[in-house]
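First the structure, in the form of structure tokens, and then the observations on it.
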Amino acid sequence: MASTSNIPTTATAFMGLQSYTEEQASIFYGRDAEIEKLTALIHSNTLTIVFGKSGTGKTSLLNAGVFPRLHKNYCLPFRIRLNFNEDSPGLIEQIKNVLKTEIDKYGFKVKSYPGKETLWEYFHKEPLWKSITPILIFDQFEEIFTLAGKNPNLGEEDMKEFWEVLSNLAENSIPQSLREHFLDLENEVGYNYKKQKVKIVFAFREEYLPEFESISKIIPSIKTSRFRLMPMNGHQAMDVITKTWGNKIAGSEARLIVSYLTKDAEQNNYDLMVIEPSLLSQVCAYIDKERIAKGVDTVSSKFLADYPKETILRSIYNEAVAAAALMMPGYSADNNKSPNPVKVFLEEKLITSEGYRNRYTMGPLDEPVRPGLNVLMERYFVREDDKNVELTHDVLTPLIKTDREKRRKKQGQEKIKHRALAIAAFLLLLLAGAAAFTYTSTVSEAKKEKAKLENENKLLHDQFLSDSLRLENTRQQLKDNEKKLKDLNKQAVDNPSILTDSAYLALMAETDSLNVMLVRANQAYKALQIKGQEQEDRLNEISRFLGTSNVISSVQAIQSRLDDSKYRHDSLLDEFYRLKNKYAALQKNYNATNDLLNKYRPYPLQVINEGPVDTTNALQLDLYYSLPQAGLDKPAKNTTVFLIPYKTGTNKKIIRKAKLYEVYCNESDIGKADGLKTARYANGKFVFENVGPGEYFVKICGYYGGYESISKAKEGAVTVRLDASPPIR
């Protein structure tokens, strides 16, 4: 890729929220490995699916990364984004329109443009496609599931025809309307219709992968070639920053910017960093625009000192939520005293009380805020999976938590102010009528009420002390666990297999205990507030019998006790959050160690047991590799192979997940399957004992993990020869 060390000072080379185009291929960095792999998959397969989370840069990867490579290899990619408006042409017609536009754009001489004939027939008979390979690339193709159903002009027959057209192209099947004619006049056809002429790429958000699995019966090739685009790591982010700015930035300043993009300030392992390309582009575009505006030539340490992480993220975040709020009906930034409704939604729904990201399921009551959320989705601050909404970036949660605390504090102060004014007005009324009542009896009643409140306060105070002791004991337990975990981490460097999930489960149990204590403390404090309010209301009733000074002193006494109880409660919360943060650090350390372990043991292995097995009613698998793996023609003897019955509920969910990610072979999850069996190795085969007739799912925990659905039709011993090669080619 070309160097950009001489970026003009009048324009930024960072795209912000926009996708890269093919013309910007020379300034598209950080995705070299992905470009090579995806281009190779497209060349090697008739149909390839590209999936990843929103904001990972699928469109930019195709436009600026893959398209130029395809052009150099005598391929013509057609980027197609279907339109589902009511006044849009039919789906097949839209494809034909794109073909004509792109052919004219590149100046190709063709015998004909696609007309009334089928696309399969057009690609076979047009001479241009003898030397050029057409590639239909459907971008943002998840809209076929989200928008097509909303168009009343697209009926069931229209969609059936659309999928049939794509199936004919992908599988090189003669369309049904032409089948009899072609078979009858096979020797008179003027072109080689048996040769595959076109390639197809589907690009979509990864949460829609199960929907694409459902059409594999129509287009079997959809299972053959898959590419998942992941967020960037720290090395890729450095590549983007240093190559885009060139000699305008030094390595130390580039590393500082990378640190802006991760919530964990102590994370120094660039391989483990998870950086959203959309956020990287927005941050760098902001810095570069400020550099240009100030007439500064380089991104120096001195320059970045004026733009710390908080300042940049705050500016980007505020701009996004302000734009989102303007889409809310009835809201005006200039004339609206109420809080930004979109910010309130983010603060109350999408982060936990501790400030971590939270997945929230949208309901009917949340629909009014959807126009604002759509703006945040377009800016890649929020993503939605079905009805589940979550923040895209962890680095935003501290900002949102800070805003929430400020808003709640302001609201609390306003409530106290209104309450004080109400009490003052009530006291003035009491002054006018206090002389009409008997002083002695009222004082006696007030003292009884006071004694009762103090007694209840003491009981609650004892409860708080008890909770504090429990928290202190838990804190000591966490210290002990921390030491154990550090010891395990040291040992794991030389012997990763000694780590198990027991330490993690123990820590989770202790955290549950802390949560119970916190709930109990909250309940106690709320009970105290309710009781205090009841007593205050009662004292207000009898305050007509008291002098002004007695009423004021009674109210002040209650307020003092409430404030004291709140102080103790806040202390408990502070201690709890401190322990929770410590636990989070321990868990992160454990996860990092577990990732290291998985590098050495990417899938579970079983102890080889070649003893006698019962084959009376067994299902035996004769596994082999049609594509040799690491020099082997069949899986190793100690490969773990699972058998899961097809059932409703839990089993379907586990099977769907095992199909979704070929590398997925999580024993703790698969272990929950009802009727799960693990194969034993005997006599050269993997044997499942005592398997009755039925439908079964086989998961092979080898590299990439093959899988297959098997039907056993009868009782007795059945042997199945099965290709264990991974589904990714």
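Let me confirm something: among Lys217, Lys197, which residue is open to solvent by less than 40 Å² (accessible area, probe 1.4 Å), modelled with pLDDT of 85 or more and part of a loop (DSSP other than H, G, I, E, B)? Spell out how you get there, then give the answer.
Numbers: Lys217 fails: open to solvent by less than 40 Å² (accessible area, probe 1.4 Å).
Result of the check over Lys217, Lys197: Lys197.
Out of the range 365-394, which residues are in contact (Cβ under 8 Å) with a residue 40 or more places away in the chain and open to solvent by less than 10 Å² (accessible area, probe 1.4 Å)?
Going through the range 365-394, the residues in contact (Cβ under 8 Å) with a residue 40 or more places away in the chain turn out to be 368-369, 371-381, 383, 385-386, 389-394.
Answer for the range 365-394, where residues must be in contact (Cβ under 8 Å) with a residue 40 or more places away in the chain and open to solvent by less than 10 Å² (accessible area, probe 1.4 Å): Gly372, Leu373, Leu376, Phe381, Val389, Leu391, Thr392, His393.
Which numbered condition trips up Ala203, out of (1) surrounded by fewer than 16 Cβ atoms within 10 Å (Cβ to Cβ); (2) within 23 Å of Ala40 (Cα to Cα)?
(1)
From the list Asn192, Asn168, Asn172, exactly one residue is at positive phi, touching a helix residue (DSSP H, G or I) at 6+ places or on another chain (Cβ under 9 Å) and of a type outside the set (Val, Ile, Thr). Which is it? Please lay out each step first, then the result.
On the way: Asn192 fails: at positive phi; Asn168 fails: at positive phi.
Among Asn192, Asn168, Asn172, only Asn172 is at positive phi, touching a helix residue (DSSP H, G or I) at 6+ places or on another chain (Cβ under 9 Å) and of a type outside the set (Val, Ile, Thr).
Show me the helices (runs of 4 or more DSSP H) found entirely inside the range 225-301 where at least 2 residues are closer than 22 Å to Ile27 by Cβ, in contact with a Cys (Cβ under 7 Å, 6 or more places away or on another chain) and open to solvent by 50 Å² or more (accessible area, probe 1.4 Å). Before you say what the answer is, go through the steps one by one.
Numbers: elements: 234-245, 251-260, 277-293.
The helices (runs of 4 or more DSSP H) meeting that bar number zero.
If you go through the range 602-656 one residue at a time, how many are modelled with pLDDT of 70 or more and either among the aromatic types (Phe, Trp, Tyr) or at positive phi (or both)?
Number satisfying all stated conditions: 5.
Here are some residues: Ile135, Ile92, Ile144. Which one is among the β-branched types (Val, Ile, Thr) and either open to solvent by 70 Å² or more (accessible area, probe 1.4 Å) or under 24 Å from Thr39 (Cβ atoms) (or both)? Break it down into steps so the answer makes sense when it comes.
Details: Ile92 fails: either open to solvent by 70 Å² or more (accessible area, probe 1.4 Å) or under 24 Å from Thr39 (Cβ atoms) (or both); Ile144 fails: either open to solvent by 70 Å² or more (accessible area, probe 1.4 Å) or under 24 Å from Thr39 (Cβ atoms) (or both).
Step by step, each of Ile135, Ile92, Ile144 is checked, and only Ile135 is among the β-branched types (Val, Ile, Thr) and either open to solvent by 70 Å² or more (accessible area, probe 1.4 Å) or under 24 Å from Thr39 (Cβ atoms) (or both).
The values are calculated or read from the model by the stated rules, or taken from the named source; none is laboratory data. No experiment lies behind these values; they were computed from the predicted model shown. Neighbour counts are summed over all protein chains in view; Cβ atoms, including those assigned to glycine, are modelled from backbone coordinates with ideal geometry. In case anyone asks, the SASA skips ligands and DNA or RNA and just uses the protein heavy atoms, side chains included. Shrake-Rupley method; radii C 1.70, N 1.55, O 1.52, S 1.80 Å.
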